[in-house]
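Participant: Got a structure for you, written out below as structure tokens; questions coming shortly.
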Amino acid sequence: MNVKIEIRKSFDRHAAEYDQYAKMQRAVGLHLFERLDYLKISPRYILDLGCGPGFFSHLLKKKYPQALVISLDFSLNMLLEAKNKQSWRSKWPLINADMLQMPFVDGLFDLVFANQTLHWGYPIANVLREMSRVINNQGCLMFTTLGPGTFKELVHAWSGVDCYAHTNQFMDMHDLGDALLGEYFLDPVVDQELVTGHYASLTELLMGLKKQGVRNINQSRNSGLTGRQAREAFSQAYELLRTPQGKYPLTYEVVYGQAWKGVKQRVEQGSEVFIPVSQIRRRR
């Protein structure tokens, strides 16, 4: 099955219960949202990229009442959940599309808000290039994504069981900063923090991931079914990671990023520099 179709089906399947289980995503997104207070901009057009069930679209609309907020998600069912949050007083456009091929004209958005979205696109250079295309000059990209320390307990517990990859690969924040510079974003600021959740049981932990739509799309994953003995060995290994309080930990390496769109952007062959007509003067 195509990886994109797998991702979309997983989020479609769990859209109705996403809000209930995606506590980490919401907490991280709220931290990112607070950082908007430091931006000295008055955006006219805002994109909530990978909007999910629309929680942050609603907050963005309240924070910037004069702006047009547009929500985009690859999952149609997520957008239907977002539509349920709208009222006759508070509505915004909902777009079902791929973030690698967005149906927007060049340079439309003053602000792109992308919470826990970019790691579902590959390769990252293409994702950032499309971001650059739809952001106007001096516009801002604000995002969170995941780093390689994410799910380290899962990696450790499976490492002694088999040779397959049981989690997705995530980009180091330094490489992500280089990728932003490679796409001619200006003044990228990237930092990270480790966030650890604790669960009463391993079943609750794994079920929580499933209900968030998380799916292993690593090319080194097991293409078949995991046997009972392997699952039991994994469970025994995870038991050794329990906290003194008997909880099962799961760590996320959360990466926060901000970058500005310059006048230069990469295109299929080389790069282009865009100069506003207002800055062109006739030679005397």
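Participant: Enumerate the pairs (first residue in segment 239-251 and open to solvent by less than 50 Å² (accessible area, probe 1.4 Å); second residue anywhere and part of a loop (DSSP other than H, G, I, E, B) and of a type in the set (Phe, Trp, Tyr)) with beta-carbon separation below 8 Å, excluding pairs fewer than 6 apart on the same chain, so at least 6 apart or on different chains.
Facilitator: Partner pairs satisfying both residue conditions: LEU250/PHE151; THR251/PHE151.
Every residue, every condition in (1) in contact with a helix residue (DSSP H, G or I) (Cβ under 9 Å, 6 or more places away or on another chain); (2) farther than 23 Å from LYS4 by Cα, yes or no:
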site: ILE41; (1), (2): no, yes
site: LEU59; (1), (2): yes, yes
site: ASP73; (1), (2): yes, no
site: SER87; (1), (2): no, yes
site: TRP92; (1), (2): yes, yes
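Participant: Considering only residues that are in a loop (DSSP other than H, G, I, E, B) and either open to solvent by less than 40 Å² (accessible area, probe 1.4 Å) or farther than 26 Å from PRO123 by Cβ (or both), which ones fall in segment 146-187?
Facilitator: Matches in segment 146-187: GLY147, GLY149, THR150, PHE151, GLY160, VAL161, ASP162, ALA165, THR167, ASN168, PHE170, GLU183.
Participant: HIS31 is checked against (1) open to solvent by less than 30 Å² (accessible area, probe 1.4 Å); (2) in a helix (DSSP H, G or I) and fails just one. What number does that condition carry?
Facilitator: (1) is the only condition that HIS31 fails.
Participant: Next question, about the same structure. Return the residues of segment 226-260 that are among the hydroxyl-bearing types (Ser, Thr, Tyr) and either in contact with a Leu (Cβ under 8 Å, 6 or more places away or on another chain) or part of a strand (DSSP E or B) (or both); say none if nothing qualifies.
Facilitator: Listed by number, the residues that qualify are SER235, TYR238, TYR248, THR251, TYR252, TYR256.
Participant: Give me a count of the residues in segment 34-61 that are open to solvent by 30 Å² or more (accessible area, probe 1.4 Å), under 23 Å from ALA97 (Cβ atoms), assigned to a helix (DSSP H, G or I) and among the aromatic types (Phe, Trp, Tyr).
Facilitator: Residues flagged as open to solvent by 30 Å² or more (accessible area, probe 1.4 Å), under 23 Å from ALA97 (Cβ atoms), assigned to a helix (DSSP H, G or I) and among the aromatic types (Phe, Trp, Tyr) within segment 34-61 amount to 1.
Participant: Being more than 20 Å from TYR256 (Cβ to Cβ) and surrounded by fewer than 22 Cβ atoms within 10 Å (Cβ to Cβ) is the filter here, so list the residues in segment 126-145 that pass it.
Facilitator: Residues of segment 126-145 more than 20 Å from TYR256 (Cβ to Cβ): 126, 129-130, 133-134, 136-138.
ASN126, ARG129, GLU130, ARG133, ASN136, ASN137, GLN138, listed by residue number.
Participant: Also: Restricting the first residue to segment 105-123 and requiring it to be of a type in the set (D, E, K, R), which pairs with a second residue that is open to solvent by 20 Å² or more (accessible area, probe 1.4 Å) and not in a loop (DSSP other than H, G, I, E, B) meet a Cβ separation below 6 Å and a spacing of at least six or different chains?
Facilitator: Short answer, once both residue conditions are applied: ASP106/ARG133; ASP110/TYR45.
Participant: Pairs only if they're at least six apart or on different chains, beta carbon under 6 angstrom, first in segment 80-102 and among the β-branched types (Val, Ile, Thr), second modelled with pLDDT of 95 or more; list them, first residue then second.
Facilitator: Close Cβ pairs satisfying both conditions: ILE95/LEU72.
Participant: Let me ask another. Please find, within segment 188-225, the residue that is surrounded by the most Cβ atoms within 10 Å (Cβ to Cβ) out of those that are part of a loop (DSSP other than H, G, I, E, B) and in contact (Cβ under 8 Å) with a residue 60 or more places away in the chain.
Facilitator: Going through the qualifying residues, I end up with GLY213.
Participant: Do we have any residue at all in segment 7-20 that's free of Cβ contacts under 8 Å to residues at least 60 places away in the same chain and surrounded by 21 or more Cβ atoms within 10 Å (Cβ to Cβ)? I'd like the intermediate steps shown before the answer.
Facilitator: Here is the first cut: in segment 7-20, the residues free of Cβ contacts under 8 Å to residues at least 60 places away in the same chain are 9.
Checking which are surrounded by 21 or more Cβ atoms within 10 Å (Cβ to Cβ) leaves us with none.
No; the residues of segment 7-20 include none that is free of Cβ contacts under 8 Å to residues at least 60 places away in the same chain and surrounded by 21 or more Cβ atoms within 10 Å (Cβ to Cβ).
The values are calculated or read from the model by the stated rules, or taken from the named source; none is laboratory data. The structure presented is a predicted model; accordingly, all values stated were derived computationally and were not measured. So basically every Cβ, Gly included, is an ideal-geometry build from the backbone, and we count neighbours across all protein chains shown. The area values use the complete protein model at the heavy-atom level, side chains included, leaving out ligands, DNA and RNA. Shrake-Rupley method; radii C 1.70, N 1.55, O 1.52, S 1.80 Å.
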